[in-house]
Amino acid sequence: MRALIRQARATLPFEAAETQVCTGVCQGCSRKLLDFLESELDDWEQRLDAGERPGLSDLSRLMQTGRKVERVLTRNGLIGEAGASHDG
């Protein structure tokens, strides 16, 4: 779960300026989705620190949420295609 949280924080633009301002037509509010996902990640970090052990359904749910947010961010042009290499 911690690896999944680290990956989400490293991959998605939680602090990027583009996500702070809505311009043009969006297919879902990027800022609201990122805020929601960030609160989920924060919640899980607190739960893990408290000793809670996630089950497979918890991991699956968080992965699905992350993928959905990633798809919207991709459609809105805030990140590259899912799974594409960003190494250059």
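The values are calculated or read from the model by the stated rules, or taken from the named source; none is laboratory data. Bear in mind that the values here come from a model prediction, so they are computed numbers and not experimental data. With ideal geometry, Cβ positions are generated from the backbone for all residues, glycine too; neighbour counts draw on all protein chains shown. Keep in mind that these areas ignore ligands, DNA and RNA; they rest on the heavy atoms of the full protein, side chains included. Shrake-Rupley method; radii C 1.70, N 1.55, O 1.52, S 1.80 Å.
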Do we have A17 as at pLDDT below 95 and open to solvent by 40 Å² or more (accessible area, probe 1.4 Å) here? yes
Which one of these does L56 not meet: (1) surrounded by 10 or more Cβ atoms within 10 Å (Cβ to Cβ); (2) farther than 14 Å from P13 by Cα? (1)
